[in-house]
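The values are calculated or read from the model by the stated rules, or taken from the named source; none is laboratory data. None of these values were measured; they are calculated from a predicted model. Using ideal geometry, Cβ is built from the backbone for each residue, glycine included, and neighbour counts are taken over all protein chains shown.
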Amino acid sequence: MMARGFFLVMDSVGIGGAKDAAEFGDEGANTLGHIAECCANGEADRAGLRQGPLTIPNMNRLGLGRAAEAASGAYPAGLEHVAEPEAIWGFARERSRGKDTTTGHWELAGCPLREAWGYFPAEEPAFPAELTEALIAQAGLPGILGNTHASGTAIIAELGEEHVKTGKPICYTSADSVFQIAAHEEAFGLERLYETCRIARKLCDPYRIGRVIARPFKGDGAESFARTGNRRDFSVPPPARTLLDEAKEAGRDVWAIGKISDIFAGHGVTQTLKAPENESQFDKTLEAARAAKDGDLIVTNFIDFDQIYGHRRDTAGYAAALEAFDRRLPELFALLKPGDLVILTADHGNDPTWTGTDHTRETVPVLAFGPGIEGRRAGELSTYADVGQTLSAHLALPPLAAGASLI
Ligand SMILES: O=P(O)(O)O[C@H]1O[C@H](CO)[C@@H](O)[C@H]1O
Ligand SMILES: [Mn+2]
Ligand SMILES: [Mn+2]
C-alpha cells in the first residue's frame with residue numbers, strides 16, 4: 001500500500017485503563033469516560049456552548065466507544081453501542097515511563113523513551129540555583145519570578161503585573177519534564193522570550209528536561225492577561241529515528257501541523273504548518289490532505305483538548321471540543337483517496353475531573369481507517385509504537401525499531 005498516511009493526535013484524549021496508573025497517582029483516571037459520564041448526568045451543560053449526552057457519532061462509528069470499553073471495561077455513557085466499527089480499532093498502552101506530550105508522540109512515532117526524563121522537584125525554589133543564575137547571566141535578565149510548580153494561567157494572574165513592572169520573566173514547571181517561561185509579548189518582547197528559551201534549552205540539557213516552553217501572554221492587568229497563540233516548545237531531539245525521519249529520508253514530504261515540528265525538534269519534517277488551535281489545525285490538515293502526494297506523511301497535533309480544557313479541568317469545554325472535532329471529521333473523510341490510511345490516536349490522558357492540573361496516565365485509542373479499509377478489532381496494543389509501525393508499513397518505509405504493524 002502507499003497513498004498517504006495521516007497520523008492525527010488528539011492531545012490528551014485518553015480512555016483510561018492503564019495498568020500502571022497507580023504509579024503515576026492516576027488510578028481510575030479516564031478522560032473520555034469521565035467526560036461522557038458528566039455529560040450523561042447533565043453535569044457538563046453550559047448555556048450557549050453545549051448540552052446533554054456527549055455527541056461524537058463519527059468517532060463512535062469508527063470505534064472510539066468500543067476502544068474505550070475494551071480499555072476500561074465500560075462503554076462511554078450516553079454513546080450508542082456500535083456493533084461493527086468502521087475502523088481497525090484498539091487501545092494502546094504506553095511503554096515509556098512518562099505521561100507527557102513528548103514521550104507520547106515519540107513512542108507513537110516508533111521511538112519509546114530509553115532514559116527517564118529529569119523533573120524539577122515540587123519544592124521552592126523548584127530550579128537549581130546554578131541553572132537560574134546561568135539563565136539570568138546569559139540572557140541578561142534582572143532576575144526571575146516564580147521558580148515553582150504552577151498552573152500557567154494562575155501564575156500569570158498572580159505574577160504578571162510584577163513581571164511587567166520588573167522585567168523578570170516568570171519561570172515555572174509542572175509534573176512534566178518542562179521548564180516554562182511566561183512573559184508579556186509587548187513588555188518583554190516575543191523574540192526576546194524565544195531567545196531566553198533557547199538559552200534555557202541549552203542550560204536544561206544536563207538536567208534531561210524534555211522541553212522548554214515559551215508562554216507569551218498579553219493584556220493590561222491581572223484580570224485581562226491571556227496567553228497568545230505564540231507558544232513555542234523547544235524540545236530535545238528524539239534519541240533515535242522516528243517514523244518522520246524514515247519518511248523524510250525516503251524522499252517523502254512530512255507535513256507537520258500544529259506543534260508537531262516543535263515536539264520532534266524539527267527532525268524528519270519537510271513542511272511545517274503552524275496553527276495555534278484545533279480549528280486552524282484541522283484547516284491545515286485538510287490543506288495538507290489536498291496537497292500531499294502519494295507516499296507523504298501528514299502529522300497533526302490537536303492541542304485544545306489538553307491545553308485549554310484538560311489542564312484547566314473544564315469538563316464542559318472539553319466535551320464541546322470533542323463534539324466540534326467530531327463534526328469536522330466528514331470534511332477529512334471527503335478528501336481521502338483510495339489507499340490513504342488515517343490513524344486517529346492520542347498521546348496521554350488529561351482527565352478534567354481529576355485532582356490537580358496535570359496529565360493522567362491512561363491508555364489511548366487507536367482508530368485506523370481509510371477508503372477500502374475494513375473495520376475490525378485490533379484490541380490491546382502493548383505499545384503506542386504500533387501506531388508508527390503501522391504507518392511505516394502502509395507507506396512502505398523501513399521498519400521502525402519498536403512496535404508491530406496492524407496491517
Ligand atoms: O499550566 P500550563 O502552563 O498550561 O502547563 C501545562 O502545559 C505543559 C505542557 O503541555 C504541561 O506540562 C502543563 O504544565
Ligand atoms: Mn500532550
Ligand atoms: Mn499538556
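Scanning region 305-357 for residues that are among the β-branched types (Val, Ile, Thr) and part of a helix (DSSP H, G or I) turns up 308, 315. Within region 217-232, if we keep just the residues that are surrounded by fewer than 22 Cβ atoms within 10 Å (Cβ to Cβ) and within 18 Å of residue 304 (Cβ to Cβ), the residue that is farthest from ligand 2 (Cβ to nearest atom) turns out to be 226.
State yes or no: is residue 374 under 19 Å from residue 2 (Cβ atoms), of a type in the set (Asp, Glu) and either touching a residue at least 40 places away in the same chain (Cβ under 8 Å) or assigned to a loop (DSSP other than H, G, I, E, B) (or both)? The answer is yes for residue 374.
Just for region 315-340: of the residues that are more than 16 Å from residue 289 (Cβ to Cβ) and within 16 Å of ligand 2 (Cβ to nearest atom), which one is surrounded by the most Cβ atoms within 10 Å (Cβ to Cβ)?
This residue is 318.
Selection of region 137-154 for residues being surrounded by 17 or more Cβ atoms within 10 Å (Cβ to Cβ) and either within 16 Å of ligand 2 (Cβ to nearest atom) or not in a loop (DSSP other than H, G, I, E, B) (or both) yields 139, 145, 146, 147, 148, 149, 151, 152, 153. Of all residues in region 161-185, exactly one satisfies the criterion of being of a type in the set (Gly, Ala, Ser), surrounded by fewer than 24 Cβ atoms within 10 Å (Cβ to Cβ) and more than 16 Å from ligand 2 (Cβ to nearest atom), namely 167.
Could you check, for region 88-111, whether at least one of its residues is loosely packed, with under 15 Cβ neighbours inside 10 Å and at pLDDT 95 or above? No, region 88-111 has no match at all. Residue by residue through region 383-407, note down the ones that are over 20 Å from the mean Cα position of the chain (by Cα), farther than 15 Å from residue 241 by Cα and not in a helix (DSSP H, G or I). Within region 383-407, 395, 396, 404, 405, 406, 407 meet the criteria.
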